[in-house]
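Let me begin by presenting the structure, written as structure tokens, before commenting on it.
Laboratory data are not the source of any read-out in this text; all were calculated from the coordinates shown. Quantities reported herein were computed from a predicted structural model and do not represent experimental measurements. Here the Cβ is made from the backbone with ideal geometry for all residues, glycine too, and neighbour counts use every protein chain on show.
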Amino acid sequence: MSITASMARRGVRVITMDYPPVNALPVAGWRGVADEMRAATADPDTRVVVLRAEGRGFNAGVDIKEMQATDGFAALVGANRGCFEAFKAIYECAVPVISAVNGFCLGGGVGLVGNSDVIVASDDAYFGVPEVDRGALGAATHLGRLVPQHMLRGMYYTSRTVTAQQLHTLGTVHSVVPRAELDEAALALADEIAAKDPRVIRAAKEALNGIDPIDVNRSYRFEQGFTFELNLLGVADEHRDEFVATGSNLTT
């Protein structure tokens with residue numbers, strides 16, 4: 001189980017999440033993503049980052065089993081801080097970040113791709129934020145970067161998902177390809193960006209962040225405050241215990 005990084009091609013850094021069976025990241029995993037994104041910023045030879053995953057799906061959010069197996073609130077606070085750091089590091093990465101999404105992209109996964117610059121997805125990919133069903137809140141900030149406002153609200157309240165093809169129609173997923181072609185499609189797009197003057201691309205990333213209409217860091221942090229309230233009230237624990245007890249094909 002790991003977060004790894006390698007230079008796949010000239011200027012293209014690939015960061016891979018590999019936490020079987022479903023890439024539900026523990027605290028260390030979220031921090032690992034943040035660390036690798038910051039390393040990409042610090043490396044002058046990195047021109048583009050591709051964020052991808054091994055296994056059945058891109059990301060199933062936080063590791064709820066880790067949270068429920070840890071006494072006190074250390075794992076909860078760790079997960080919240082880890083998610084915040086990972087999302088922030090992607091958004092503030094000095095070079096464009098391309099998310100290559102396979103299969104499911106849920107909860108914290110939406111936070112990762114919502115703060116990415118470009119999304120390439122396989123034809124079996126789908127996206128959603130099931131936080132309400134887990135007694136928590138979060139990632140509405142990032143889902144709001146993928147879908148229109150009223151669609152966001154309907155998805156958030158019901159925990160329904162949206163397909164990659166639907167997001168492609170909305171213009172928020174750059175392209176949808178067969179799963180076997182996902183990595184190559186993401187790398188081809190990365191190559192196109194990496195061929196540009198890196199000084200201009202880094203300036204472009206900073207400029208686009210500077211004109212963003214929403215401060216994603218403050219917006220997400222505001223959401224997290226309600227998650228802490230629900231935990232203090234015991235509501236979130238009830239839902240997480242039920243999730244662990246009943247099992248799920250997306251549990252670790």
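Taking the criterion of being surrounded by fewer than 16 Cβ atoms within 10 Å (Cβ to Cβ) and among the hydroxyl-bearing types (Ser, Thr, Tyr), the only residue of the stretch 162-172 that qualifies is 169. Within the set 47, 10, the sole residue that is farther than 20 Å from residue 102 by Cα and either touching a strand residue (DSSP E or B) at 6+ places or on another chain (Cβ under 6 Å) or surrounded by fewer than 24 Cβ atoms within 10 Å (Cβ to Cβ) (or both) turns out to be 10. Exactly one residue out of 72, 61 is surrounded by fewer than 16 Cβ atoms within 10 Å (Cβ to Cβ) and small (Gly, Ala, Ser), and it is 72.
What number of residues within the stretch 127-136 satisfy the criterion of being within 13 Å of the chain's Cα centre (by Cα) and either over 30 Å from residue 204 (Cβ atoms) or surrounded by fewer than 24 Cβ atoms within 10 Å (Cβ to Cβ) (or both)? Final tally of qualifying residues: 1. Counting the residues of the stretch 146-157 that are surrounded by fewer than 19 Cβ atoms within 10 Å (Cβ to Cβ) and either in contact (Cβ under 8 Å) with a residue 24 or more places away in the chain or not in a helix (DSSP H, G or I) (or both) gives 2. Is it the case, given these coordinates, that residue 106 is out of contact with any helix residue (DSSP H, G or I) (no Cβ under 7 Å at 6 or more places or on another chain), crowded, with 24+ Cβ neighbours inside 10 Å and either within 23 Å of residue 189 (Cβ to Cβ) or not basic (Lys, Arg) (or both)? Answer is yes for this residue.
Among the residues of this structure, residue 175 counts as one that is surrounded by 13 or more Cβ atoms within 10 Å (Cβ to Cβ) and touching a His at 6+ places or on another chain (Cβ under 8 Å). Is one or more of the residues making up the stretch 118-126 under 21 Å from residue 216 (Cβ atoms), free of Cβ contacts under 8 Å to residues at least 40 places away in the same chain and within 13 Å of the chain's Cα centre (by Cα)? Within the stretch 118-126 (the criterion being under 21 Å from residue 216 (Cβ atoms), free of Cβ contacts under 8 Å to residues at least 40 places away in the same chain and within 13 Å of the chain's Cα centre (by Cα)), the answer is no, since none of the residues qualifies. Can you find a residue in the stretch 129-142 that is more than 28 Å from residue 209 (Cβ to Cβ), in contact (Cβ under 8 Å) with a residue 12 or more places away in the chain and in a loop (DSSP other than H, G, I, E, B)? Yes.
Each residue in the stretch 178-205 was checked for being in contact with a strand residue (DSSP E or B) (Cβ under 7 Å, 6 or more places away or on another chain), surrounded by 14 or more Cβ atoms within 10 Å (Cβ to Cβ) and not aliphatic (A, V, I, L, M), and 2 pass.
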